Structures are given as C-alpha cells and as structure tokens.
1. Give the relative contact order (percent, whole number) for the chain; include only Cα pairs under 8 Å separated by 6+ residues.
2. Count charges around F207 for me, please; just the other residues with Cβ under 15 Å from its Cβ, Lys/Arg as +1, Asp/Glu as -1.
3. What is the spread of the Cα atoms of segment 88-179 along each of their three principal axes, largest first, in whole Å?
4. Say R0 is 35 Å: what FRET efficiency, to the nearest 0.05, do D172 and T2 get from their beta-carbon distance?
5. Under the Karplus relation 6.51 cos²θ - 1.76 cosθ + 1.60, θ = phi - 60°, what is the ordered set of whole-Hz ³J(HN,Hα) values for segment 201-212, x standing for Gly and Pro?
6. Among the trypsin sites (Lys or Arg not before Pro) in segment 89-179, which ones are in a DSSP loop with at most 11 other Cβ atoms within 10 Å of the Cβ? Mind listing them?
7. So how long is each side of segment 127-212 along the principal axes, counting just the alpha-carbon atoms, biggest first, in Å?
8. Normalise the Debye intensity by I(0) for the chain, one equal point scatterer per Cα, no solvent, then take log10 at q = 0.09, 0.14, 0.16 Å⁻¹ and round to two decimals.
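Nothing in this text is a laboratory measurement; each read-out follows from the coordinates by a stated rule. What you are looking at is a predicted structure, and each value in this text was computed from that prediction instead of being measured. In this analysis, Cβ positions are derived from the backbone assuming ideal geometry, glycine residues included, and neighbour counts consider all displayed protein chains.
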Amino acid sequence: MTLPSIIQSTRNKELHAQLLKAYSALGQAINMYQAENGLPINRTDLGGRQIKNILMKYLKTVKDCGMGDVDAETACIPNKGYLENPNKVEDIYKPYVGNTNILTSRIDDGQFILNDGMLILIEDPMTNSTSSLYISVDVNGFNKRPNRLGQDLFMFQLHKSNGKLLPMGAVDTDYYDKNNKYCTTTRNGEFMNGAGCTAKALYDKNFWKNLP
C-alpha cells in the first residue's frame with residue numbers, strides 16, 4: 001500500500017469506530033429514557049423539539065449550540081436560508097459526493113457537542129409532532145474533514161411508533177431505497193445523497209473500503 005492509501009485506510013477505521021461509539025451512546029441514552037419513564041420515546045407525545053433536552057440529559061455534553069434556524073450567535077451549524085445571513089459562516093457539509101451542500105434544514109432543530117467532540121444535530125419539526133425525527137452525528141466534529149454526509153456525518157431516525165433508533169438507510173427509514181439512491185457515487189447533484197449510508201456503514205464490511 002502507498003502512504004496516501006495507508007493514511008486513508010487509517011482514517012476510515014477511525015471514523016468507523018467513532019460511528020459505532022456514537023450509535024451505542026445514542027442507543028443507551030434512549031434506553032435510559034425508557035427505563036426511567038417506563039415507556040419508549042413516543043414521537044407523537046413529545047411535541048416539538050423535546051428530543052434535544054432528552055438526549056442532553058443522558059449524554060455527556062460540553063456545549064449547547066442552540067438551534068440552527070433561530071440561534072444565529074450560538075449555533076454550530078446555522079441554517080443560513082432561515083437566518084437570511086449568507087455571510088455568517090462558510091458552508092460546512094457536502095453530500096456523499098459532489099460539490100453542492102446538504103439541506104441544512106435537516107439538521108437545524110437542536111445542536112450540541114459531546115465531551116469527545118462529536119456534534120449532535122437534530123431535525124425535530126416544532127409544528128408537526130407526527131413528522132419524522134432525525135438525529136445526525138458528526139463523529140469527528142465539524143472542525144475536521146471530510147465533513148461529508150455518509151462519511152463522517154451520519155443520520156439516524158427514531159421509529160414513529162416504538163421509539164427505536166434506526167440507522168438511516170435501513171428499512172422503515174425515510175432515506176431507505178432498495179437501489180441505494182441515497183448512498184451512491186453516481187448522484188453528484190443530490191442534496192441528501194449520503195443520508196442513506198448509515199446502515200451500510202454499520203453493517204456492510206466493504207463500505208469503508210470504497211468511500212468516494
């Protein structure tokens with residue numbers, strides 16, 4: 001192996017390990033909520049934007065970044081379209097491949113940083129308690145590259161009825177597709193290409209060998 005390929009392989013192994021750690025930590029937090037309350041998280045009972053406080057209660061948090069769509073001064077990843085302030089910060093995240101940006105509206109309803117540097121980003125629509133709830137994790141922090149969806153930024157989804165944490169791209173998630181159109185190297189212009197990579201990153205042993 002050449003030196004660049006060795007460096008890439010080492011980085012990918014680290015990202016994989018961090019993803020496994022994030023998945024475990026989020027799952028444990030959700031399980032602790034259930035143990036304490038006697039019931040799993042019921043999306044329809046939560047109302048808008050309560051999941052952030054629930055997760056922060058059970059995870060080791062060092063910084064609350066507020067909400068990307070309203071907290072311009074504290075958000076780690078502001079939603080520029082909502083804030084109407086395109087000069088606030090540079091764009092952070094890209095899709096799995098391509099030179100566009102991901103839809104910031106999928107990660108702007110609550111943000112906080114864990115003690116190991118991981119950044120948690122939540123999509124929890126305040127106006128519709130029956131809509132999908134996403135939990136995304138930048139496993140190596142937003143100050144480290146590649147800052148790409150499906151490479152170091154991974155999405156999860158809470159099951160609407162049983163509160164189970166599902167890796168995005170699995171059956172019953174919004175970005176599941178039997179042809180893997182949300183985790184492919186052939187869709188350069190797709191804003192959310194990479195959203196469906198989480199399940200593959202967790203369960204496909206060849207995934208980390210073939211990152212674009």
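1. Details: 407 pairs, mean separation 42.2, N = 212.
This gives 20 percent for the chain.
2. Numbers: positive: R11, K13, R148, K200, K205, K209; negative: E14, D152, D204.
Net of charged neighbours comes to +3.
3. So the extents along the principal axes, rounded to whole Å, are 36, 32, 25.
4. Working: r = 41 Å, r/R0 = 1.18.
Efficiency computed from Cβ-Cβ geometry: 0.25.
5. Once θ is set to phi - 60°, the couplings for segment 201-212 become 5, 7, 10, 9, 5, 8, 4, 6, 8, 10, 5, x Hz.
6. Numbers: sites: R106, K144, R148, K160, K164, K178; in loops: K144, K160, K164, K178.
Here the sparse-neighbourhood loop sites are K178.
7. Between the extreme Cα coordinates on each principal axis of segment 127-212 lie 36, 32, 26 Å.
8. The calculated log intensity ratios at q = 0.09, 0.14, 0.16 Å⁻¹ are -0.33, -0.82, -1.08.
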